[in-house]
Amino acid sequence: MKFIAFNVRQDEQPYFESWAQQNQIEVKTVSGSLTNSSLKQVDGYDGVLALQTGKYPAEMFKDFKKYGVKVLSIRNVGTDNVDLAAAEANGVLVTNVPAYSPNAIAEFSVTQLLQLLRNTTVFRQKVAEQDFRWAPYVGKELRNLTVGVIGTGRIGRAAINIYRGFGAKVIAYDLYPNAQLQKEGIYVASYDDLFAQADVVTLHMPATAADRHLLNAQAFAKMKKGVYLINTARGTLVDTQALLAALKSGKVAGAALDTYEGESSLFNHDLRGQQIKDPVFNELMRQPNVLVTPHIAFYTTTAVENMVLISLNSAKSVCKTGTAETIVKIH
Ligand code: COI
């Protein structure tokens, strides 16, 4: 049994090495992404490990079959970019890491909201310019706000606990409600109810084709004036042009975006000194009340270790037993 891992960063390397040594299994690590041009490298490997926000298209799985790959183990949770039907058709099992650290993402979401509420980036800029005045950047306290959590899986539930700790009123919506939260009466009946009541809308749901641009012009129109948006989930959930209009009209007071629909050519790339050719993204970056971060909500030591080790264990399990607890099923 031998594996090849793509997109491996320096901070992941020690975990790959110690696992390979402990398990006596060869794991080749490469820093590049899994693309059509790098695909030949998988020849002869039983398992492929990858972490990318770009696509894993149907053709990739045909080649996996040709090269004898049995399993694709992605080191993250979301599988919206994986053609699962093509994987199945070519006899390739796909595993993910469903819970590497829900708190990592939840904590980051709250961090970003607090920054927006207290105008910290504005003050950092002002202080750098020796402008030490306060007004008009008066902040808001979380305990006076209603936070609307969309998606109450592991990450959404971790976020709910943190927001409750701050004394915020938390409401939630999920197509598949959690039994305990339902008992606690946290759910509203519809997206529209959540939009009408929430001072903060925070996304913690997976992306499906049906939910593309869930937050569009109509959705923003239904929200309270001065709402804050936090998106650490998936860029496709938000119509960015509609968000820009809502920011400019004051409907949305601030947005923290750790994901963006066209992020795969931007995030986790060094583009210093280069002109970015995405006018919508450039416009977003110019907004004073938008915090853009490059998909780093997950990025903690705990999460990174779990992502590497759990994905390797899954790949090993598939190769040894034909299955793993983390197999991703087509819904
Ligand atoms: C996920 O786990 O799905 C994430 O969004 C993390 C990212 C590095 C792909």
Rounded percent of accessible protein surface that carbon and sulfur make up, the chain, 1.4 Å probe: 51 percent
Loop sites in the range 281-328: GluC sites (Glu not before Pro), DSSP, at most 10 other Cβ within 10 Å: GLU325
Gained length - ALA189 relative to ALA217, 0.36 nm times residue gap less alpha-carbon distance: 8.0 nm
Cut-off 13 Å between beta-carbons: net charge of the residues surrounding LYS55, Lys and Arg +1, Asp and Glu -1: -4
Pairs of lysine residues in the range 131-279 - Cα separation under 19 Å, sequence separation of 8 or more or cross-chain: 13
GNM flexibility winner over the chain from MET60, MET285, MET223 (Cα, springs under 10 Å): MET285
At most 12 other Cβ within 10 Å, DSSP loop - trypsin sites (Lys or Arg not before Pro), the range 229-279: ARG272, LYS277
Among LYS70, LYS40, LYS55, residue whose mean-square fluctuation peaks in a GNM of the chain (springs only between Cα atoms under 10 Å): LYS40
Candidates per chymotrypsin sites (Phe, Trp or Tyr not before Pro) in the range 95-146, loop by DSSP, up to 15 other Cβ within 10 Å: PHE132, TRP134, TYR137
Compactness index (Cα Rg / 2.2 N^0.38 Å), the range 9-54: 1.22
Per residue value of the accessible surface for the chain (all protein chains in place, 1.4 Å probe), Å²: 49 Å²
Rel. contact order, % - alpha carbon contacts under 8 angstrom, at least six apart, the range 2-92: 29 percent
Of all DSSP beta bridges in the chain, antiparallel share, percent nearest 5: 5 percent
Rg(Cα)/(2.2 N^0.38 Å) for the range 1-90, N = residue count: 1.04
Tail beyond 31 Å, pair distance distribution of the chain (Cα, percent): 37 percent
Cα-based equivalent ellipsoid, the range 281-323: semi-axes from gyration tensor eigenvalues, Å: 38, 12, 5
Whole-number percent relative contact order across the range 89-199, with pairs defined as alpha carbons under 8 Å at least 6 apart: 25 percent
CD proxy at 222 nm, helix term only [per DSSP H run n ≥ 4: -39500 (n - 2.57); per residue of the chain; nearest 500]: -11000 deg cm²/dmol
Förster radius 22 Å - calculated FRET efficiency between THR208 and SER265 (Cβ-Cβ, nearest 0.05): 0.45
Debye intensity ratio in log₁₀ form over the Cα atoms of the range 226-331, taken at each q of 0.18 Å⁻¹: -0.93
Cβ crowding within 10 Å averaged over residues, with 307-319, 140-152 ranked highest first: 307-319, 140-152
Pairwise Cα inverse-distance average, inverted: Kirkwood Rh of the range 85-225 (Å): 17.3 Å
Karplus-derived HN-Hα couplings along the range 114-128 (A = 6.51, B = -1.76, C = 1.60, θ = phi - 60°), whole Hz, x at Gly and Pro: 4, 4, 5, 5, 9, 6, 5, 6, 5, 5, 4, 5, 5, 5, 4
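The values are calculated or read from the model by the stated rules, or taken from the named source; none is laboratory data. The shown structure was predicted, so the numbers you read here are calculated from the model rather than taken from an experiment. Counting neighbours? That spans all protein chains shown, and the Cβs are built from the backbone with ideal geometry, glycine included. In case anyone asks, the SASA skips ligands and DNA or RNA and just uses the protein heavy atoms, side chains included. Shrake-Rupley method; radii C 1.70, N 1.55, O 1.52, S 1.80 Å.
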